[in-house]
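Encoded as structure tokens, the structure appears first; notes follow it.
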Amino acid sequence: MKRANNTTENTNSIKQKTNTILEGIVIAVTSISDNQNDKKGKYWTALICDVNQNVNRITKYVSLKSNCFIHTKMLDHLNNQRGIKLNKLKFNDDNTYVATSETVAVEKILALTPLCTQITTIKNIECMSDGEYVSFICKVVEIGSDESVLLNNGSKRIQKLKRTTVIADNTNSIIMNIWENHFDVIKKDVCYRIKLAKAKMFNNEIKLTTTVHTTFETIEDIHIINISTTPQISTESVVIGTITSIGRVQETCKCPKCYSTDVECNGKTIKCTTCNSRSVYLTKSTTSEKLTLSILDTNQITLEFTVDISKLCELLERCGRQDLCNNDLVDHEDVLLTLSSITVFVHYNTRNMQINNIVLNNIDNK
């Protein structure tokens, strides 16, 4: 009897999870995209603001050949901003749902204005909670270099690129992370109306991040901005990949402050036109202690680095080939053959592409 009771309770719980009703205003709908976890299918997502001002994420998986009526209906409701009622949703957790083949969307009269699409200030955003969606106008003050980030995607870990930006309005400035799908839509010193970015708490400090639902609209210059406390952009990043080549460092003249090669070098001083500085030219004897390294990352992009010879020797030792360290690492063929047979995890400086640490990668990234 005890087993029967548990079975009944579990059945009722499943029915409740797959028979959820949600009412609200559609505030974002993505296009139908390929499913990264299933090459045979596609999916789309949408955001719905409910009557409690909670933002709920809806996901719908569709086959390659089928049309999706609900997707069309969601787009209609996004455009006309009329209320919608969805039934027979499968509830996951934390305001996330999956639309099933039984899910039906009907119009619902609602007196609701989503607050997350109303323009607010950066000062107000700093007081918001982790995970809240926000909309605002701002000017892009600074854009950092590409950074590689490892993210969990189901049972897999995938590598994506992000850039750290500093944005400001007339109340304050804040850091906003943008992802590679937005790299081409945002430029430094340009003003935007940004909708549905997400507030995230990092080290007890609110920052912003874009999502697939974030939109950018170019606007006129807002002129007065407050950047009295400009946040610092990190210059550190990581990458996973395979070593494809080793080479010798070619002596070049660079600015020691900003690493720009747009300089005038007369053997005594370096005049940089990028940061308008002049520095004493120091002849470096460290060139012979470094090598260049090409790494093919998991996105099939080749990155060029400089690395200390000592760090490569440590890597060879971990591969059981410390004997190779007594040879010229460029001339000896077995060095590259050994290093190219492993996957490495690299921590590096994005400004000068100098490797700070390189180790064997123990994460299954397939």
With the condition kept exactly as written, say whether any residue in region 46-68 is assigned to a helix (DSSP H, G or I) and surrounded by 15 or more Cβ atoms within 10 Å (Cβ to Cβ). no
I want to confirm something. Restricting to region 200-226 and keeping residues that are of a type in the set (Val, Ile, Thr) and over 24 Å from ASN56 (Cα atoms), which single residue is surrounded by the fewest Cβ atoms within 10 Å (Cβ to Cβ)? ILE224
Kindly indicate the residue of region 184-199 that is of a type in the set (Lys, Arg) and crowded, with 16+ Cβ neighbours inside 10 Å and also farthest from SER135 (Cα to Cα) among those meeting that condition. LYS198
In region 316-366, what count of residues is obtained for those that are of a type outside the set (Val, Ile, Thr) and assigned to a helix (DSSP H, G or I)? 13
Per the filter on region 83-119, residues out of contact with any Lys or Arg (no Cβ under 8 Å at 6 or more places or on another chain), hydrophobic (A, V, I, L, M, F, W, C) and under 25 Å from THR210 (Cα atoms) are LEU112, LEU115, CYS116
Residues to consider are LEU282, LEU303, LEU324; find the one that is at pLDDT below 90 and either of a type in the set (Ser, Thr, Tyr) or surrounded by 12 or more Cβ atoms within 10 Å (Cβ to Cβ) (or both). LEU303
When you go through LYS108, LYS123 one by one, which is the residue that is closer than 22 Å to ILE224 by Cβ and among the basic types (Lys, Arg)? LYS123
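A quick yes/no check of all residues on (1) at negative phi; (2) among the basic types (Lys, Arg); (3) at pLDDT 95 or above; (4) crowded, with 16+ Cβ neighbours inside 10 Å:
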| residue | (1), (2), (3), (4) |
| --- | --- |
| ASP130 | yes, no, no, no |
| CYS138 | yes, no, yes, yes |
| GLU142 | yes, no, no, yes |
| ASN153 | yes, no, no, no |
| LEU161 | yes, no, no, yes |
| THR164 | yes, no, no, yes |
| THR171 | yes, no, no, yes |
| HIS182 | yes, no, no, yes |
Name, by its number, the condition in (1) more than 31 Å from the chain's Cα centre (by Cα); (2) exposed (fewer than 14 other Cβ atoms within 10 Å of the Cβ) that does not hold for ARG82. (2)
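The values are calculated or read from the model by the stated rules, or taken from the named source; none is laboratory data. This is a predicted model, so every value here is computed, not measured. Backbone-built Cβ (ideal geometry, glycine too); neighbour counts: all protein chains shown.
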